[in-house]
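Derivation of every value follows stated rules applied to the coordinates shown; laboratory data play no part. All of these numbers come straight from a predicted model, not from anything done at the bench. Methodologically, a virtual Cβ is constructed for each residue, glycine included, from the backbone with ideal geometry; neighbour enumeration extends over all protein chains shown.
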Amino acid sequence: MKQLYTFGNYLRDKFGCKVHKVGINISGFTCPNIDGTVAYGGCTFCENDSFSASSGEVQELKGFYLNLNSKENPHLEKQLQQLEIQFNAISKRQKDEYGAEKFIVYFQSFTNTYAPFETLKALYEKALSFRDVVGLSIGTRSDSVTDETLEYLAQLSKHKEIWIEFGIQSIYDETLKKINRGHDSANVKELILRAKSKGLNVCGHLIFGLPDESKEMMIETAKAAYAWGIDSVKYHPLYVVKKTALANEFLRGEFTPISEEEYLEVLLESIKLKPSSISVQRVTAGIDNNTLLSPDWCRDKNSQIKNINNTLKQLNLKY
Ligand code: SF4
């Protein structure tokens with residue numbers, strides 16, 4: 001049985017040691033799909049409250065939000081401090097518990113290019129200055145990366161490992177409308193192609209089980225993402241958490257989550273069609289607490305991975 005080509009494998013091949021991603025949440029960041037710039041409320045599945053920048057020692061910056069036009073940022077020092085405290089705590093745990101030797105700082109919650117350029121530059125450069133950090137991974141939306149930021153990241157990528165993570169979710173605009181995504185598929189394609197043309201590494205996020213999508217549509221999305229040249233992929237099932245617009249749709253009987261069986265079929269086909277050079281960062285997702293409304297199979301990560309491995313046997317692969 002061969003191992004599926006994971007992001008961990010990619011990093012080990014490239015850096016010759018164990019490299020881990022350190023997920024960071026910075027207070028004051030938001031999303032144009034939440035703050036009204038593009039839309040209010042966000043994607044229907046997004047539980048905006050779940051992104052907490054608090055890491056114990058650092059106070060959250062309540063009521064303070066940046067956007068691309070923010071003229072000044074009086075809280076930059078606090079944000080830099082949050083970054084350092086979170087990085088130190090998480091990287092230490094990853095070293096002690098998993099033997100991680102090098103790190104990629106992952107700006108993960110909300111839209112991490114949606115702030116004035118000077119703020120972004122200060123945060124990214126601070127992250128790159130930490131010991132044993134080899135690069136950055138920046139989670140964002142395709143409608144929120146300015147030319148200036150893209151060009152700057154392209155320059156950084158000449159010496160550091162720089163990734164941008166885009167939510168592709170679906171290539172069908174009718175689906176993107178149903179989930180209140182706030183941009184269309186052409187916008188994601190354009191940004192991915194531009195990022196790739198500047199030599200950046202791109203990770204695409206895909207969601208299977210979006211409203212009214214057939215298996216064929218999910219597989220077509222995966223095929224398109226591969227064709228656009230993504231370097232890495234995250235596959236997720238759509239699950240419903242409380243306090244979201246999707247939860248209301250689910251409770252009204254207007255949305256039925258994907259079954260595990262169907263998810264496994266789509267995942268298997270997507271992995272079968274994936275060019276071998278594209279690494280896999282995630283094969284599923286879920287949440288094991290009482291915020292999960294449905295489906296129940298997204299509660300138990302171990303059982304999900306066991307079932308995925310059983311399915312991948314058909315390709316002589318294991319995760
Ligand atoms: S783009 Fe991301 S952060 Fe913004 S609303 Fe959608 S899921 Fe939430």
Quick P(r) readout (segment 205-269; Cα-Cα; 10 Å bins; whole %) gives 21, 47, 27, 6
Loop sites only, by DSSP: take the GluC sites (Glu not before Pro) in the chain that have at most 13 other C-beta atoms within 10 Å and name the longest stretch containing none of them.
73-253
List, largest first, the extents of the alpha carbons of segment 1-123 along their principal axes, each in whole Å.
49, 31, 25
Whole number please: convex hull volume per residue of the Cα set in the chain, in Å³?
133 Å³
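If you average over every viewing direction, what projected area does the convex hull of the Cα atoms of segment 84-221 give, in nm²? Kindly include the intermediate steps, with their values, before the conclusion.
Numbers: hull surface 37.8 nm².
Mean orientational projected area (segment 84-221, Cα hull): 9.5 nm².
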Evaluate segment 168-319: find the radius of gyration of its Cα atoms, find its Kirkwood radius, and give the ratio Rg to Rh.
0.96
Using alpha-carbon coordinates alone, the radius of gyration and Dmax of segment 252-292 in Å work out to 13.9, 43
Once you measure Cβ to Cβ distances between cysteines in the chain, which Cys have no partner under 4.7 Å?
17, 31, 203, 298
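Work through the residues other than residue 299 whose Cβ is under 13 Å from its Cβ and net out their charges, Lys, Arg +1 and Asp, Glu -1.
Numbers: positive: 301; negative: 260, 288, 296, 300.
My count for the surroundings of residue 299 gives -3.
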